[in-house]
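Structure first, then comments.
The values are calculated or read from the model by the stated rules, or taken from the named source; none is laboratory data. Being a predicted model, the structure only gives us computed values, none of them experimental. Reconstructed Cβ throughout: ideal geometry from the backbone, glycine too, with neighbour counts over all protein chains shown. We work out accessible area using only protein heavy atoms, side chains counted, and drop any ligands, DNA or RNA first. Shrake-Rupley method; radii C 1.70, N 1.55, O 1.52, S 1.80 Å.
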Amino acid sequence: MPASATPEAIAKYEPVIGLEVHVQLNTRTKIFCGCPTGFGAPPNTNVCPVCLGLPGALPVLNRQAVEMAIQAALAMNCRVNPFSRFARKNYFYPDLPKGYQISQYDQPLAEHGSLEILIDGTKKRIGVTRVHMEDDAGKSIHDGFPDSGRYTYVDLNRSGTPLIEIVSEPDLRSSQEAYEYLSELKQIMQYVGVSECDMEKGQLRCDANVSVRLQGAEKFGTKAEVKNLNSFRFAKLALDYEIARQVALLEAGGRVEQETRLYNVNTGETAGMRSKEHAHDYRYFPEPDLAPLRVSDKWLKRIREAVPELPAQKRQRFTTNYGLREYDAQVLTATRAISDYFEKVATGSGDPRMSANWVTGDLMGALKGRDITEAPVSAGHLGELVGLIAKGEISGKLAKEIFPKMLESGDPARTVMDREGLRQISDSGALEKIVDDVIANNPKQVEQYKSGKTTVLGYLVGQVMKVSKGQANPAAVNELLKAKLG
């Protein structure tokens, strides 16, 4: 943060932030040719005349890419336009072999959407201006040593990979709101299945348009675009720095220049890269080699029906139908795999709340950050275990002994119980002997109970459970103690 931008000075201003997010679609082949999109292939092997931009090569639109783009747009409540058009966006860069990018300009695929974020417990709607399709550029790899000069290598495997660009309205007012927006957007894309959104592989990239204005002012300030935001954490840090930089400039009597800036993760600062381009700099014109894209009502209806339940809808259902706390609903809908696993457990056990506690607590604790798809205990087996507790067939303490053995073997609860002899003691004769011993060994607590302090019964039940190593039936123990203590 610039030294002159004090917290008091920053508080005088309101940030205005809009985000442009590029999402790589999870298609098998590229957007305008049949080359594979797989990550990690040797450089310049997943290429052909089309994605190399060779003369005479003609693009052919990938239907799967269109359907995924429409699914993403619908998931953000966008209006899908029945007619859209591709355009050439002209600029030169070493890893852009055609000398232009095929994108969409004045007639995009979808517009006027929104998504909700949660800020300090309050929902806020963030507008989505547009969603349009385009092809990705290649990748420049900078290498070299001081004594041998610096070299740039170009890998065109990524060239032609299908992207959607999601442009938000300037509705974000803090770096935290931007962070929540990106998190929600990523989660939605993963739920719908249009992208894995792995930022390390470049599958989700973000640019931010940032300006500041005095609190209460209506007119927006001059914006700067910040690029190179390759993680949500760095995006938040970059925005905080840029907000403070602009405030410092204005407080010192200067003015903010409209420009493109890069964020340096090593210094934590943004630096000027070039003056901000305008649309006319790209010399947009309709792509002559592609016909306009027309989306029929029938096609749109079929795609809409394939959109799965989204995270916000699932969170609402979990709190309303299952009675879960908001926090638990957030955890259990973090990914589609987690929510699916939990629902199977809840269905098998018949007790959603207890199922939520076991999934978020015992299971996730055992996984130690690994994906739930790697869980050695299936959702069906965990549902059976929780169901045994809910029905009173085993105690929670006994279940805590059974579960680690399920993790080791992958076997269902009843198999582990039979093999290890971990059965609940419900036989009145066996229980009565243990209860009698506990009463005899705890005269002080017995006297307290008889004198009216009935809460001490819980302590006595606990002693019986301890002596029985968790195998006593808690309900039966309660009844026996009450009967014997009068």
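Karplus-derived 3J(HN,Hα) values for region 355-364, using 6.51 cos²θ - 1.76 cosθ + 1.60 with θ = phi - 60°, are 4, 4, 4, 6, 5, 6, x, 5, 5, 5 Hz; glycine and proline are entered as x. Taking region 3-29 and a reference point 7 angstrom along Cα→Cβ of Q215, the backbone N atoms nearer than 19 Å belong to 5-17.
Counted residue by residue at 0.36 nm each, then reduced by the alpha carbon distance between them, the extension gain from N357 to D297 reaches 17.2 nm.
Restriction of the GluC sites (Glu not before Pro) in region 221-306 to DSSP coil positions whose beta-carbon has at most 16 other beta-carbons within 10 angstrom yields E257, E277. The order of the peptides 455-465, 70-80 by mean Cβ neighbours within 10 Å, most packed first, is 70-80, 455-465. Here's the picture: charge each Lys and Arg Cβ at +1 and each Asp and Glu Cβ at -1 in region 1-85, and of A73, V21, V47 the one pushed furthest to the positive end of that dipole is V47.
Loop-located chymotrypsin sites (Phe, Trp or Tyr not before Pro) in region 199-298 (DSSP state not H, G, I, E or B) with no more than 16 neighbouring Cβ atoms inside 10 Å: F220. Structural descriptor for region 76-164: relative contact order 26 percent, calculated from alpha carbon pairs under 8 angstrom and at least 6 residues apart. Its Kirkwood hydrodynamic radius, worked out from the mean inverse distance over all distinct Cα pairs, puts region 63-197 at 16.8 Å. For K368, neighbours were defined as the other residues whose beta-carbon sits under 13 Å from its Cβ, and their charges (Lys and Arg +1, Asp and Glu -1) total -2. Computing Rg and the Kirkwood Rh from the Cα coordinates of region 189-288 gives a ratio, Rg/Rh, of 1.05.
When the helices of the chain are scored as -39500 (n - 2.57) per DSSP H run of n ≥ 4 and the total is divided over every residue, the value at 222 nm lands at -11500 deg cm²/dmol.
Arrange the residues F39, F83 by how much accessible surface each exposes, largest first, with a 1.4 angstrom probe.
Details: F39 135, F83 60 Å².
If we order F39, F83 from most to least accessible, we get F39, F83.
Placing a label point 7 Å from the Cα of L485 along the Cα-to-Cβ direction, the residues of region 430-445 whose backbone N falls under 17 Å from that point are 432-445.
Within the accessible area of the chain, the carbon and sulfur atoms contribute 51%, probe 1.4 Å, all protein chains present.
Out of the trypsin sites (Lys or Arg not before Pro) in region 198-243, which ones are loop residues according to DSSP with at most 15 other C-beta atoms within 10 Å?
Numbers: sites: K201, R205, R213, K219, K223, K227, R233, K236; in loops: K219, K223.
Counting only loop positions with at most 15 other Cβ atoms within 10 Å, the trypsin sites (Lys or Arg not before Pro) in region 198-243 are K219.
Solvent-accessible area per residue for region 38-161 at a 1.4 Å probe radius, Å²? Don't jump to the answer; show the numbers that get you there.
Numbers: 6120 Å² over 124 residues.
About 49 Å² of surface per residue is accessible.
Given R₀ = 22 Å, what would the calculated FRET efficiency be for L118 paired with H22, taking r from the Cβ atoms and rounding to 0.05? Using R0 = 22 Å, I get an efficiency of 0.35. Given +1 at the Cβ of Lys and Arg, -1 at the Cβ of Asp and Glu and no other charges, the dipole of region 1-90 around its Cα centre is 440 debye to the nearest 20. With contacts taken as Cα pairs under 8 Å at a separation of at least 6 residues, region 127-214 carries a relative contact order of 25 percent.
Using the Kirkwood formula on the Cα atoms of the chain, what hydrodynamic radius do you get, in angstrom to one decimal?
Values: mean 1/r = 0.0371 Å⁻¹.
Taking every pair of different Cα atoms in the chain, averaging 1/r and inverting gives 26.9 Å.
Given +1 at the Cβ of Lys and Arg, -1 at the Cβ of Asp and Glu and no other charges, the dipole of region 92-219 around its Cα centre is 220 debye to the nearest 20.
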